[in-house]
1. With outside any loop (DSSP other than H, G, I, E, B) and touching a Phe, Trp or Tyr at 6+ places or on another chain (Cβ under 9 Å) as the only criterion, which of Val157, Val175, Val170, Val138 stands out?
2. Can you spot a residue in region 203-210 that is in a strand (DSSP E or B), away from the ligand (no atom under 12 Å from the Cβ) and in the same structural domain as Gly227 (by TED's automatic domain parsing)?
3. Here are some residues: Ala141, Ala154. Which one is assigned by TED's automatic domain parsing to the domain that holds Pro182 and more than 15 Å from Cys204 (Cα to Cα)?
4. If Ala127 passes every condition in (1) surrounded by fewer than 16 Cβ atoms within 10 Å (Cβ to Cβ); (2) of a type in the set (Gly, Ala, Ser); (3) within 15 Å of the ligand (Cβ to nearest atom) but one, which one does it miss?
5. Given the options Val170, Val228, name the one that is out of contact with any His (no Cβ under 6 Å at 6 or more places or on another chain), of a type in the set (Val, Ile, Thr) and either more than 13 Å from the ligand (Cβ to nearest atom) or over 20 Å from Asp15 (Cα atoms) (or both).
6. Would you please name the residue that is farthest from Glu235 (Cα to Cα), looking only at residues in region 182-195 that are away from the ligand (no atom under 15 Å from the Cβ) and surrounded by fewer than 17 Cβ atoms within 10 Å (Cβ to Cβ)?
7. Considering only residues that are surrounded by 22 or more Cβ atoms within 10 Å (Cβ to Cβ), of a type outside the set (S, T, N, Q) and within 16 Å of the ligand (Cβ to nearest atom), look in region 21-40 and name the one that is nearest to Ala143 (Cα to Cα).
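The values are calculated or read from the model by the stated rules, or taken from the named source; none is laboratory data. Keep in mind it's a predicted model, so treat the numbers as computed, not measured. Here the Cβ is made from the backbone with ideal geometry for all residues, glycine too, and neighbour counts use every protein chain on show.
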Amino acid sequence: MTSPDNSPTPPTPVDPRDADLSGIRGWLFDLDGVLTPTAVVHMHAWSRLFTPFLEAHGAKPYSDDDYFAYIDGKPRYDGVRSLLESRGIRLEEGEVTDAPTADTVHGLGNRKNDAFNATLAEEGVTAYPGSVALLDAVTRAGAAIAVVSSSKNAPAVLAAAGLADRFEVVVDGAVAAREGIPGKPEPDMFERAAELLGLPTEACAVVEDAESGVKAGAAGEFGIVVGVDRGVGREALEELGADVIVDDLDELLPAVERAAAASAPESPAPSTTREDPS
Ligand SMILES: [Mg+2]
């Protein structure tokens, strides 16, 4: 970006191919939107909840537009409240412990969670191939990996995606609640994951797609913050503090391989890797 009037220009994130990963020994991955396209599962689950509910109430039918207008990005019960309000439907608040069959705000929220788990079980979720390629590459290079997710459904999503066996360290919403760890945008969940991997934060990369997550990474002393643009936008991710921005995590493979080759104790220089013809 040029600035003819000498106004300060924001620092441009480095090209993913040039990312310096030399000191990175651990990778802390967000889950939804980074390893798995979980938003689709959530959208289907909300539709499963509200399509029959609105029909039974004679209200305007539910559509995916409702998801983006009233639900996306909000805590579950807020999403329920907001959608109901859009249809002029008033329900009792109820309690978090309400049965999923209860026609209360909390009952509907709990019904949505059941719908999420049912949708996940039926449809499954396929991890992003580029993300799996990066997991393979960093693991092969000897780095440790962890999942850091606000979701309390993280173990179920990891299992559905066939990734559960890869992660010994998962700091999710349930762990955070149990241990009293502040959620994103505070850096604490990522810091806890680094601690569980036995690494200083400086030796860890944070990989995030959400505003709150990139903020959390930028708020800590991490080695590098990778922003994955799944819709937030490169500019926003950059402003929030991402050091490198990618559309797909496979863009980091060359940098990972270069760092691995440089740190391998007996690795030959690239020019001598060709097979000797003799
Ligand atoms: Mg995410």
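1. Every option except Val138 fails the conditions.
2. Yes, the conditions are met somewhere in region 203-210.
3. Numbers: Ala141 fails: more than 15 Å from Cys204 (Cα to Cα).
Step by step, each of Ala141, Ala154 is checked, and only Ala154 is assigned by TED's automatic domain parsing to the domain that holds Pro182 and more than 15 Å from Cys204 (Cα to Cα).
4. (1)
5. Only one candidate qualifies: Val170.
6. Result: Glu195.
7. Trp27
Residue by residue, here is whether (1) among the aromatic types (Phe, Trp, Tyr); (2) closer than 20 Å to Val138 by Cα; (3) at pLDDT below 95 holds:
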{"site": "Ala177", "(1), (2), (3)": "no, no, yes"}
{"site": "Pro182", "(1), (2), (3)": "no, no, yes"}
{"site": "Asp188", "(1), (2), (3)": "no, no, no"}
{"site": "Leu199", "(1), (2), (3)": "no, yes, no"}
{"site": "Val207", "(1), (2), (3)": "no, yes, no"}
{"site": "Arg230", "(1), (2), (3)": "no, no, yes"}
{"site": "Asp243", "(1), (2), (3)": "no, yes, no"}
{"site": "Thr273", "(1), (2), (3)": "no, no, yes"}
